[in-house]
Amino acid sequence: MCGIVGYTGTRQASDVLLTGLSRLEYRGYDSAGIAVQHDGAMQVICRTGRVAELRSSVEAVGAPGRCGIGHTRWATHGRPSEANAHPHTSCDGRIAVVHNGIIENFAEIRERLADQGHDLRSQTDSEVVAHLIEEAYPRAAAADDGDALVRAVSETLGHLAGSYALAVICDDEPGTIVCARKDSPLVVGLAKDGAYVASDVVAVLDATRDVVMLADGQIACCRPDGIACCMMQGDALAAVEPRTTHIDWDLDVAEKTGYPDFMLKEIHEQPRVIRDTLAGRLVGNSIHIDELELTAEELNLIDRVYIIACGTSYHAGLIAKNLIEGWARIPCEVEVASEFRYRDPIITPTTLVVAVSQSGETADTLAAIRDARVKGARVFGITNVIGSPVAREADGVIYTKANKEIAVASTKSFLGQVVSLTLLALVLAQAKGKMTSGHIRQLYTELANTAELVEQILADTEAIDEAARACTDAASALFIGRGMGAAVAHEGALKLKEISYLHAESYAAGEMKHGPIALIDEGFPVIAIATHSPVYDKVVSNLQEARARGAMIVAIATQDDEDISAHADHVIRIPKVRDAFSPIVASVPLQLFARSVALARGCDVDQPRNLAKSVTVE
Ligand code: AGP
């Protein structure tokens with residue numbers, strides 16, 4: 001949530017900052033701002049709305065200077081407004097700060113600062129940071145060692161509770177950006193023309209592929225010719241060697257490359273994601289996930305699995321539960337992280353906790369990981385972001401190989417998660433001796449084939465668009481399915497509501513007659529996941545019950561299903577696969593369906609209202 005950029009070097013800072021902000025806009029987009037230093041003075045420009053609005057203002061007034069910081073906001077404290085937009089400045093306007101995270105003790109700090117005569121002009125938690133640095137700076141400058149801003153920032157951090165990624169500039173140290181982080185990501189990239197700071201590598205990729213991912217507690221001092229890092233050790237600062245990570249993503253990840261929106265581009269990347277996620281996993285006749293860092297014996301001892309996640313990642317977990325219990329015969333519970341962290345789940349040293357998170361930053365999932373580790377569980381992460389907090393804090397990690405996902409609605413990373421969890425289920429079944437090696441090879445081959453089947457779905461979307469047109473003006477929709485189909489229904493409903501704002505609910509189809517069927521009247525859209533499965537007949541009975549009450553049925557059914565047309569108003573056909581892999585092929589048309597409905601309703605499919613890509617607050 002919220003995107004931070006910074007630049008100091010030989011280029012025009014405002015150009016770099018605006019380009020970086022537009023790449024980070026997926027993290028928050030209710031307001032944006034920059035602060036640029038020029039001739040010993042700070043110029044701050046903030047606007048509500050998108051980065052494009054900020055760009056127009058900057059172009060109108062001009063913002064010369066070669067060092068600056070910028071921010072795109074997802075409001076937590078205080079509504080979207082120019083006063084609440086970052087950067088925030090000190091009373092004298094000589095210090096500017098951008099912040100991502102939550103300062104939990106801001107209210108008491110604010111009160112103290114106000115008593116001391118500070119003029120706090122916003123409703124945000126972040127603004128106190130600028131004023132605390134203003135307090136600390138004269139003391140730090142007295143040491144006269146050239147590191148006053150670093151010292152003032154480090155003193156300030158000692159007063160903060162909560163999470164933060166910060167970038168700070170000060171007119172007394174032109175050309176210097178000081179950054180710090182705790183529980184919120186921040187990277188620094190060093191290029192020939194200067195130093196770049198960002199919440200996410202996508203904002204620096206066109207300048208450099210070699211980045212330093214700051215660790216929790218690290219402070220970085222960025223100057224045009226290099227960066228120096230240090231850590232707090234008691235009251236002292238100890239220098240640490242910056243560790244560089246090479247990012248080999250193509251810059252295309254941050255561009256639409258000819259697609260009208262990122263969502264469609266990312267939906268079309270899914271066959272590649274499946275192939276990349278599976279690459280190298282089958283060795284001989286067995287599946288290898290070396291990143292698990294568990295021996296075959298340790299895997300065999302696992303007697304309970306918890307999958308913890310939020311949103312779409314949680315739905316990937318629901319799919320995996322069926323596979324882990326069905327194949328490995330290990331009890332598996334799937335729980336939303338925000339519930340798990342406040343319960344007292346039964347965890348023993350033989351419990352495996354699997355944390356699934358595209359961003360690797362989700363606050364609830366991270367808290368649940370920490371809690372599970374304290375309770376003695378082995379924690380395994382499945383994430384899409386290299387070096388993310390989930391990757392760092394788990395005992396082992398699988399990367400989903402989706403590459404950067406920009407659209408707020410998760411599509412390709414969902415499929416990457418489902419494929420990764422399927423591999424995990426196979427590894428557990430293998431370790432428990434529940435499958436022959438021939439069976440494992442057969443399943444792996446079929447799983448790999450789904451990449452081609454997804455390509456087939458993407459090649460002909462006419463039926464999907466037609467069904468979407470029929471639902472565009474509905475006030476509400478129901479998604480139903482059973483078994484694997486129920487998990488797919490949950491994800492289909494989430495996708496539709498988050499990007500089209502059409503109210504959608506999902507139910508295990510057998511639950512319909514226990515309440516939801518009362519909603520159905522003439523023309524009410526019911527999207528039924530009626531793929532080939534052991535419960536196919538039951539799903540058909542449920543959709544007939546809905547149709548008998550006037551529902552308009554959209555059925556997701558397999559290509560060879562000759563009977564389904566008699567029971568549905570619209571049929572979206574997908575290739576036939578075994579039930580275990582049906583979510584992979586059934587989810588894709590639902591992603592396209594949601595997008596079509598959203599576009600027809602005039603919605604921005606990449607940046608839906610009220611949402612942000614990384615949910616770093618509780
Ligand atoms: C997905 O379309 C959603 N935007 C959202 O539910 C998301 O899956 C959820 O916030 C979890 O995010 P994570 O995978 O990054 O942890």
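Throughout, read-outs are computed from the coordinates displayed, never taken from laboratory work. Here the structure is a predicted model, which is why all the values come from computation and not from measurement. Here the Cβ is made from the backbone with ideal geometry for all residues, glycine too, and neighbour counts use every protein chain on show.
Observations on the model:
- Highest to lowest packing among 318-328, 115-125, 554-564, 253-263, scored as the average C-beta count within 10 Å: 318-328, 554-564, 253-263, 115-125
- Förster-model FRET efficiency, 60 Å R0, Arg549 and Asp144, C-beta, rounded to 0.05: 0.15
- Taking every C-alpha pair closer than 8 Å and separated by at least 6 residues, the mean separation divided by the residue count of the stretch 47-167 gives a relative contact order of 26 percent.
- Over the chain, equivalent-ellipsoid semi-axes from the Cα gyration tensor in Å: 46, 28, 21
- Using C-alpha pairs below 8 Å separated by at least 6 residues, the relative contact order for the chain is 11 percent.
- Helical runs (DSSP H, four residues minimum) scored at -39500 (n - 2.57) apiece and divided by the length of the chain put the mean residue ellipticity at 222 nm at -11000 deg cm²/dmol.
- Within the stretch 263-458, DSSP assigns beta bridges of which about 10% are antiparallel (rounded to the nearest 5).
- Between Arg370 and Ala215, the modelled label-to-label distance comes to 1.7 nm, taking each label 7 Å out from Cα in the direction of the beta carbon.
- Here the peptides 333-345, 196-208 are ranked by packing, the mean other Cβ count within 10 Å, and the order with the highest first is 196-208, 333-345.
- Estimated distance in nm for a label pair at Ala296 and Ala107, the labels positioned 7 Å out from Cα along Cα-to-Cβ: 5.8 nm
- Mean separation of Cα contacts under 8 Å, 6 or more apart, over the residue count of the stretch 2-246: relative contact order %: 20 percent
- Under the Debye formula (equal points on every Cα, no solvent term), log10 I(q)/I(0) of the stretch 460-600 at q = 0.10, 0.13, 0.14 Å⁻¹: -0.26, -0.45, -0.53
- Extension gain, Arg272 to Arg609: 0.36 nm times the residue separation minus the Cα-Cα distance gives 118.4 nm.
- Taking every DSSP beta bridge that has both ends in the chain, the antiparallel portion is near 65%.
- Fewest-first sequence of Phe524, Phe414, Phe479 by Cβ atoms within 10 Å of each Cβ: Phe524, Phe479, Phe414
- With N the number of residues in the stretch 263-458, Rg(Cα) / (2.2 N^0.38 Å) evaluates to 0.96.
- Cβ-derived FRET efficiency at R0 45 Å, Ser541 paired with Asp303, nearest 0.05: 0.75
- Panel order for Lys576, Lys513, by other beta carbons found within 10 Å of each beta carbon, from fewest to most: Lys513, Lys576.
- Anchor Lys497: lysines whose Cα lies under 16 Å away (excluding residues fewer than 8 positions away in-chain): Lys613
- Between the stretch 515-584 and the stretch 5-65, the Cα center-to-center distance that results, in Å: 50 Å
- Out-of-range pairs (alpha-carbon distance over 27 Å; input Lys265/Lys434; Lys375/Lys401; Lys321/Lys538; Lys182/Lys265; Lys182/Lys495): Lys265/Lys434; Lys375/Lys401; Lys182/Lys265; Lys182/Lys495
- In this rough spin-label picture, where each label sits 7 Å from Cα along the Cβ direction, the His439-Arg243 distance is 4.1 nm.
- Under the membrane-span-like helix rule (DSSP H runs whose alpha carbons stretch at least 27 Å along the helix axis, mean Kyte-Doolittle hydropathy -1.0 or higher), the chain yields 412-431, 437-459, 582-600.
- Rounded FRET efficiency, nearest 0.05, which uses the C-beta distance separating Gln12 from Glu325 and R0 of 51 Å: 0.30
- Residue order for Thr365, Thr295, fewest other beta carbons within 10 angstrom first, comes to Thr295, Thr365.
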